[in-house]
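Beneath this line is the structure, given in C-alpha cells, with notes to follow.
Every read-out reported here was derived from the displayed coordinates using simple, explicitly stated rules and does not represent laboratory data. Being a predicted model, the structure only gives us computed values, none of them experimental. Cβ atoms come from the backbone with ideal geometry, glycine included; neighbour counts cover every protein chain shown.
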Amino acid sequence: MKIRFGTSGWRAVIAEDFTFENVRCVTNAICSYLKSRDGSKGQTLIIGHDTRFMGEQFAAIAADISSRKGFAVLQCTHPVPTPTISHAIRINNAAGAINFTASHNPPEYQGIKFSTADGAPALPEVTKGIEAAIERKDVPEDEDGGTVSDHDPRDAYLDDLRSKVNFDAIAKAKGRYAYDALWGTGRGYLDKILRENGLEVETIHDWRDVTFGGRSPEPGEDNVDELRAAVKERGSTLGLATDGDSDRFGIIDNNGEFITPNRLIALLTDYLAESRGWNLGVARSVATSHLVDRVARERGLKLYETPVGFKFIGELINRDEIILGGEESAGLSIRGHYPEKDGIIACLLAAEAVAVRGKSLTEQLDTLYQRVGRLESGRIGVKLDDAVAAKLKEKLAEEPAELAGRKIENINRTDGVKFLFADDAWVLLRPSGTEPMVRIYAESQSEDDLAKLLEAGRQYLLN
C-alpha cells in the first residue's frame, strides 16, 4: 500500500494497513528525514500515544528504532494529549515528536502524527519528504549514543496552562462542571486542573476503553447525550468534553444546549479581544463559520482564511499574527500558545468567559448576535465510493453560474471548491483528509435555508 499523510497525519485500520511492519517503515522514514536535516546525535525525540488499542506497543517499537538511529528518546509514560506533546517538544528543544493517535476516528483506526521542532503538525512539504522516504524504504544507519528515557509531560503542561487561563476568576465564580473524557487522554488533565482550583467536577467515561464505548471518541453533538444529562441533573455551569487525544472540544451550556465549535470560536475571539486587549488578526479555515469574519470586522481585526488542517493556522500562531485560530471541526489555539489544536485550553477559556462575564455562553451568544447578526452553519458527509470518486475531480473543477437556482457570486478554491452567494451564504465541497468521504459544508441566515444549501451541495456532487 501507499502510505499517505492526510490533514493530520497517517491513519489506517489496525491489522489491515496499520501494522507493525508499516509502523517500522514510517518510523524509519521520519528518522531518515530528521537525520537528513540535522543528524541525530544528541537530538531529542518525543514519542507518545493516546488510549487506542496497542498504543504502548507501537510507541515502544518507534522508541527502539529511533534510539538505535542515535536519538535521545523521551517516551511518554501514559496516554498523553496531543497538545501536551506539542508543549513537550518546545520545552525539551526536541527535533519533533511521533505520536500514535487517530484522534476522533472510530476505534478500529490507529495513526501516526508527526510534529516538527516548533510543536506544530508537519506541513505538506515535510510529509511529502517522509512519504518519499517511505516509498524508497529508507532505513538510516544506526548510530551510537541513542537512549530511551521515561517522560511524564503532565505537570509542565498544566503549569503552562496556569499562565494562560484566568483561573482566579474561574475559582472565584465557584462553578460546577461536568466533564466527559470520552475514554481518552484528557482524564487526569482537564478535570485535575479544575479540581486543583477548588472546583467541583463530575467526570464521566474517565477510564480506558480501547473501543471508546463502541463509537468514535468525537465530542460532537451526537456523542454527548450523557454529558448533557449530567449537566441538567446537577445544575452544572458547563459540560466540557475532549476527544480521544484531547485536541478537540465539545461544550454543553447550563441549559443543555450544545455550543457548536463555530459559535464558540466566534465567541472566544470576541472575548479574548475584549479581555486581553489583543488587536492582532484572527484565523479560520475555509470550512469555518463567517460569524468569525463579522466579529473580526466589528473588532477591527484582520481575518486570515486557511485551508483545512491546523498546521496552516499553526504557522500564524508561530508568527504571532493572530489572537485565535479555529476550525469548525472543534480545534483552536490562541496567541502565545502552541501551533496545535488544544481542546483542553478551549474548554478552560469557555469556563473563563462565563466566569468573567457572569453570563452563560447562550446569553453571551445572544448579545453577540444582536451586534453582528446570526448565521447557521452545518455539514454532511457523502461516502467516497467509486462512483463519487470517478466524478469528484471534474465536479471540483467546474465553475457553475448558479447552484439550485441561486446565483453564485464568487468561487473560492482555497481547499476544495466553495460557492459564495449573497448575504454571507455559502457551500463548500472538499474531500476529507482523515476519512474516505466528501464533506459538504454550508452556512446561511436560517436553518431552513441551511438545509436547502446542504442538499443542493449533495445533489451537485452526485448528479
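Key figures for this structure:
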| item | result |
| --- | --- |
| Neighbour-count order for I98, I30, I14, fewest beta carbons within 10 angstrom listed first | I14, I98, I30 |
| Order of I204, I317 - criterion: other Cβ atoms within 10 Å of each residue's Cβ, fewest first | I204, I317 |
| Kirkwood-type radius of segment 164-372, with distances r between different C-alpha atoms, in Å | 16.9 Å |
| A156 paired with K232, simple spin-label distance in nm, labels 7 Å along Cα-to-beta-carbon | 4.4 nm |
| Long-range lysine pairs (8 or more apart or interchain), segment 299-397, Cα under 21 Å | 6 |
| Set K113/K232; K232/K452; K2/K69; K137/K418 screened for pairs whose C-alpha atoms are more than 31 Å apart | K113/K232; K232/K452; K137/K418 |
| Residue among A456, N105, L267 farthest towards the positive dipole end of the chain, charges placed on Cβ | L267 |
| Between segment 436-463 and segment 82-110, the alpha-carbon center distance in angstrom | 33 Å |
| Simple spin-label estimate for Q459 and K395 in nanometres, 7 Å along Cα-Cβ | 1.4 nm |
| Inter-site label distance for T77 and R176 at 7 Å from Cα along Cβ, in nm | 3.5 nm |
| Cβ charges +1 (Lys, Arg) and -1 (Asp, Glu), total dipole of segment 10-153, debye | 260 debye |
| Helix-only mean residue ellipticity at 222 nm for the chain, each DSSP H run of n ≥ 4 adding -39500 (n - 2.57), per residue, nearest 500 | -12000 deg cm²/dmol |
| Segment 164-372: relative contact order as a whole-number percent, Cα under 8 Å and 6+ apart | 21 percent |
| Filtered GluC sites (Glu not before Pro), segment 131-193: DSSP coil and at most 16 other beta carbons within 10 Å | E141, E143 |
| Segment R4-D222, length gained on full extension (0.36 nm per residue, minus Cα span) | 75.5 nm |
| Table column - 3J(HN,Hα) (Hz), segment 192-204, Karplus curve with 6.51, -1.76, 1.60, x for Gly and Pro | 4, 6, 5, 5, 5, 9, x, 9, 7, 10, 9, 9, 10 |
| Footprinting exposure proxy for D449, D152, D320 (fewest neighbouring C-beta atoms within 10 Å first) | D320, D152, D449 |
| Mean separation of Cα contacts under 8 Å, 6 or more apart, over the residue count of the chain: relative contact order % | 13 percent |
| Magnitude of the charge dipole, segment 352-463, Cβ model with Lys/Arg +1 and Asp/Glu -1, debye to 20 | 200 debye |
| Within segment 100-138, trypsin sites (Lys or Arg not before Pro) in DSSP loop having at most 11 other beta-carbon neighbours inside 10 Å | K137 |
